[in-house]
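Derivation of every value follows stated rules applied to the coordinates shown; laboratory data play no part. In this text the structure is predicted, and so the values were computed from the model without any measurement. When we count neighbours, we look across all protein chains shown, and the Cβ atoms used for this are built from the backbone with ideal geometry, even at glycine.
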Amino acid sequence: MLLGVNIDHIATLRQARGTYYPDPLEAALIARQSGADSITVHLREDRRHIQDVDVVRLSEVPDLRINLEMAATGDMLSKAIEYLPADCCLVPEKREELTTEGGLNVAAQVDELTRVCAELQSAGIRVALFIDPDQLQLDAAKQTGAEVVELHTGCFAEAGPGDAREQELQRVVNAAEYAAAIGLRGHAGHGLNYTNVSDIAAIPELFELNIGHSVVAQSVFSGFAEAVREMKRLMMEARRE
Ligand code: PXP
């Protein structure tokens with residue numbers, strides 16, 4: 001099973017202060033060195049975190065597999081064809097949302113998405129559609145010619161403990177099995193973290209998970225002690241001179 005690390009929130013931290021750090025490219029290289037199989041970035045219409053230049057710099061790294069998440073708009077289609085990531089994941093996008101809320105309604109736009117998939121594929125890009133774990137959407141995704149579906153695990157991640165969680169997990173399991181049965185490659189993501197990832201990672205029909213927020217959040221505490229020590233060391237060293 002492959003891990004795609006989403007580094008959007010490295011850029012969120014940078015954009016919060018308008019600095020040049022932390023650099024998403026540096027994060028991508030560390031992620032790769034630490035076992036990430038690909039790097040995911042969502043180039044949003046409002047450019048709230050990842051910027052065009054980030055995608056350009058990431059695309060220039062040899063053998064770094066990039067998964068570009070984007071809305072299926074004409075503007076983003078041109079960007080994808082310019083940057084040529086290995087993968088594109090088409091997602092719904094609303095300006096006011098905090099994060100991607102729900103999957104694409106593929107069934108309502110089969111013709112349009114078929115055209116977008118074909119354009120991306122003719123540029124050599126593998127296309128994934130981010131959808132809710134739902135048979136209707138899987139059948140529609142199959143019609144578009146996309147090779148991959150990324151199953152939205154947000155409802156599973158947000159479900160309280162007990163039956164609700166079990167039900168949401170079962171929806172993902174059923175969707176992953178159905179995707180495999182109709183010849184779609186199954187990926188999953190959204191809201192996965194250190195306490196819920198095991199149940200999803202255990203689903204044999206899934207080939208890749210895309211995880212971002214929890215990894216960036218965890219890294220604060222994995223690295224905080226060292227960051228404080230280094231700042232204090234520099235201060236004390238300056239006083240000794
Ligand atoms: N997959 C898709 C399609 C997404 O839109 C996102 C969030 O940008 C993720 C995965 C990663 O979600 P999270 O940051 O909650 O791990």
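Key figures for this structure:
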quantity	calculated
FRET efficiency estimate (nearest 0.05) - Cβ-Cβ, Val53 to Arg240, R0 35 angstrom	0.30
Formal net charge of residues neighbouring Ile131 (Cβ-Cβ distance under 14 Å; K, R +1; D, E -1)	-4
Label-to-label distance, nm, for residues given as Ile81 and Glu147 (7 Å Cα→Cβ offset)	1.9
About the Cα centre, charge dipole magnitude for the stretch 98-142 (Lys/Arg +1, Asp/Glu -1 at Cβ), debye	220
FRET efficiency for Thr114 and Glu226, using Cβ-Cβ distance with R0 set to 45 Å, rounded to 0.05	0.35
Radius 13 Å from Cβ of Ala225, net charge of other residues (Lys, Arg +1; Asp, Glu -1)	+1
Net lengthening on full extension, Ala123/Asp37 (0.36 nm per residue, minus Cα-Cα)	28.8 nm
Residue among Ile81, Ile50, Ile39 with the largest mean-square fluctuation in a Gaussian network model of the chain, springs linking Cα atoms under 10 Å	Ile81
Crossing angle, helix 213-240 versus the chain [Cα axis fit, 0-90 degrees, rounded to tens]	10
Cα-projected label distance for Leu98 with Tyr194, points at 7 Å along beta-carbon direction, nm	2.1
Rg/Rh (Cα only; Kirkwood hydrodynamic radius) as it applies to the chain	1.01
Crossing angle, helix 110-122 versus the chain [Cα axis fit, 0-90 degrees, rounded to tens]	60
The chain: angle of helix 8-17 to the longest principal axis, Cα-based, in degrees nearest 10	50
